[in-house]
Amino acid sequence: MSRRAVLCSGMVTLDLLQRVAEFPGPNEKTTAERAELSAGGPATGAAVTAAALGSEVSLLTALGSHPMAGVVADELAEHGVELLDVTPDSGTPPVVSAVTVHSTTGSRSVVSRAPKDADPEPGALLRTVPDAVLVDGHRPVLARAAMWHAGQAGAPVVLDGGSWKPVLAEILPRVDLAVCSADFRVPGTTELDEQPAALFERGVGAVAITRGPRDVLWWLPDGASGSVPVPEVEAVDTLGAGDVFHGAVVHAVAGGAPLSGLPDTLSFAAGIAADRVRRPGRGEWLRGMSPR
């Protein structure tokens, strides 16, 4: 496999995951069957996935030097992701996500907060010439910088469109492939089937929409469209499945996958994500991965 360099830009979190037999109701307590700390965030999940698949991956984010940040930094290093931290000396704790996963169905609930601080410009941190760039829309300063860097390198850009964020109004014209969740809505729209046209009007090159275990939908600006089936598996843990999908997509794009072959790219990513949800916890799954 030829060298593939991927730059991911966005949010990193420290996830506190607890697996339970049943979700507690209001004013109820329950005992976790298993608990773990893990690096989280959309761009982070994509980054470690692309690295496990064989890409050379850099993650542009703001993490800092708080003791809790060390858990995240160590995990990124373990999985071969280069951390490009614009706030290396900050003592502010990282964003913490409280995640509860149902041990039988794999469904999850997440409580988190969005980062509030404005980030400094990355400047000289952006050294590597990427073959593809992924942005999740969090941390707008870094998203803009990553888009500029992609333009300088002539690298295609993949958007992780979990939800609308204000910076997207600026960066969408530079996005080659927007991979959006079923909940994503461009301002002024209300229905899923309005999203492709709205995104094309804003300059996006191609659109895909993931819908959990249902088929992935895709559209090209020439009017071509279709769907890609998702492998049927018994889900054990769905946390971060979308991030894994995005990481597999950007890995394929970095390897030269063309937009005309979008169904093949999405099918590849769906297979990787389906394999992930069959296993409890990301770490064990990643350690069993091999480059593809």
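Looking at V228, V233, V277, V250, just one residue is over 20 Å from E78 (Cα atoms) and touching a Cys at 6+ places or on another chain (Cβ under 8 Å), and that residue is V250.
Step by step: first the residues of segment 176-192, then only those that are in contact with a Gly (Cβ under 7 Å, 6 or more places away or on another chain) and aliphatic (A, V, I, L, M), then the one that is farthest from A241 (Cα to Cα). Which residue is that? First the steps, then the outcome.
Of the residues in segment 176-192, the ones in contact with a Gly (Cβ under 7 Å, 6 or more places away or on another chain) are 176-181, 184.
Adding the requirement that they be aliphatic (A, V, I, L, M) leaves 177-179.
Values: L177: 18, A178: 17, V179: 13 Å.
Filtering segment 176-192 for residues that are in contact with a Gly (Cβ under 7 Å, 6 or more places away or on another chain) and aliphatic (A, V, I, L, M), the one farthest from A241 (Cα to Cα) comes out as L177.
Under the condition of being surrounded by fewer than 14 Cβ atoms within 10 Å (Cβ to Cβ) and either among the hydroxyl-bearing types (S, T, Y) or in contact with a strand residue (DSSP E or B) (Cβ under 9 Å, 6 or more places away or on another chain) (or both), the residues counted in segment 69-103 number 4.
Before we move on, is T31 free of Cβ contacts under 8 Å to residues at least 24 places away in the same chain and of a type in the set (S, T, N, Q)? So T31 passes the test. Scan segment 179-212 residue by residue and report those that are in a loop (DSSP other than H, G, I, E, B) and within 23 Å of V253 (Cα to Cα). Correct list: A182, F184, R202, G203, V204, G205, A206, G212. For segment 239-283, enumerate the residues that are within 16 Å of V57 (Cβ to Cβ) and of a type in the set (K, R). Across segment 239-283, the qualifying residue is only R282.
Per-residue answers, yes or no, for (1) touching a Cys at 6+ places or on another chain (Cβ under 6 Å); (2) over 15 Å from L199 (Cβ atoms); (3) modelled with pLDDT of 95 or more; (4) crowded, with 22+ Cβ neighbours inside 10 Å:
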site	(1), (2), (3), (4)
V129	no, yes, no, no
V135	no, no, yes, yes
R139	no, yes, no, yes
D160	no, no, yes, yes
W164	no, no, yes, no
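Answer yes or no: is there a residue in segment 269-281 that is assigned to a helix (DSSP H, G or I), surrounded by fewer than 18 Cβ atoms within 10 Å (Cβ to Cβ) and modelled with pLDDT of 95 or more. Yes.
Take E56 and tell me if it is at pLDDT 95 or above and surrounded by fewer than 24 Cβ atoms within 10 Å (Cβ to Cβ). Walk me through it before giving the result.
On the way: at pLDDT 95 or above: yes; surrounded by fewer than 24 Cβ atoms within 10 Å (Cβ to Cβ): yes.
For E56, the condition - at pLDDT 95 or above and surrounded by fewer than 24 Cβ atoms within 10 Å (Cβ to Cβ) - is met.
Do we have any residue at all in segment 96-118 that's touching a residue at least 40 places away in the same chain (Cβ under 8 Å), in contact with a Leu (Cβ under 6 Å, 6 or more places away or on another chain) and closer than 21 Å to A145 by Cα? No, because not a single residue in segment 96-118 is touching a residue at least 40 places away in the same chain (Cβ under 8 Å), in contact with a Leu (Cβ under 6 Å, 6 or more places away or on another chain) and closer than 21 Å to A145 by Cα.
The values are calculated or read from the model by the stated rules, or taken from the named source; none is laboratory data. Note that the structure is a prediction, hence the values are computed from the model and not measured. As a convention, Cβ positions derive from the backbone with ideal geometry for all residues, glycine included, and neighbour counts pool all protein chains shown.
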